[in-house]
Amino acid sequence: MEDHELADVLQYSSPTELYVITYYNVLKLLFCPFRVKVLSNVGLLRKGQLVWVSEVKVTTELKTIFIINGNAYHYHSFEILIEESIE
């Protein structure tokens, strides 16, 4: 992906917001900081630990990155914890 193509994609994103689809197929907007559970040991984080995501970034390959305690981690190492209400 070229720089101008990446810029086109990123102009509609925010490092403090993340859209997710819940277990009940509800589209929900999360605002940073939001809580996640560590699924496997990664960097300084340990499996089962609950941590806060301060920012959401995207790599040049369009892979989602979570910024936690100033460090970058791939999203797939975490479970997003959200409270749901069925309406």
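Listed by chain and number, the aspartates and glutamates whose C-alpha is less than 15 Å from the C-alpha of LYS47, apart from same-chain residues fewer than 8 away, are GLU79.
Keeping every protein chain present and rolling a 1.4 Å probe, give me the accessible area per residue for the chain in Å². Heavy-atom SASA per residue in the chain reads 74 Å². For the chain, the square roots of the Cα gyration tensor eigenvalues, ordered a ≥ b ≥ c, give a/c of at least 1.5 with a/b no greater than b/c, which places it in the oblate category. If R0 equals 25 Å, the separation of the Cβ atoms of VAL42 and TYR12 corresponds to a calculated FRET efficiency of about 0.30.
Here segment 23-87 is assigned +1 on the Cβ of each Lys and Arg and -1 on the Cβ of each Asp and Glu. Its dipole about the Cα centre then comes out at about 280 debye.
The values are calculated or read from the model by the stated rules, or taken from the named source; none is laboratory data. Quick caveat: nothing in here was measured; it's all calculated off a predicted structure. Neighbour counts run over all protein chains shown; Cβ positions are idealised from the backbone, glycine included. We work out accessible area using only protein heavy atoms, side chains counted, and drop any ligands, DNA or RNA first. Shrake-Rupley method; radii C 1.70, N 1.55, O 1.52, S 1.80 Å.
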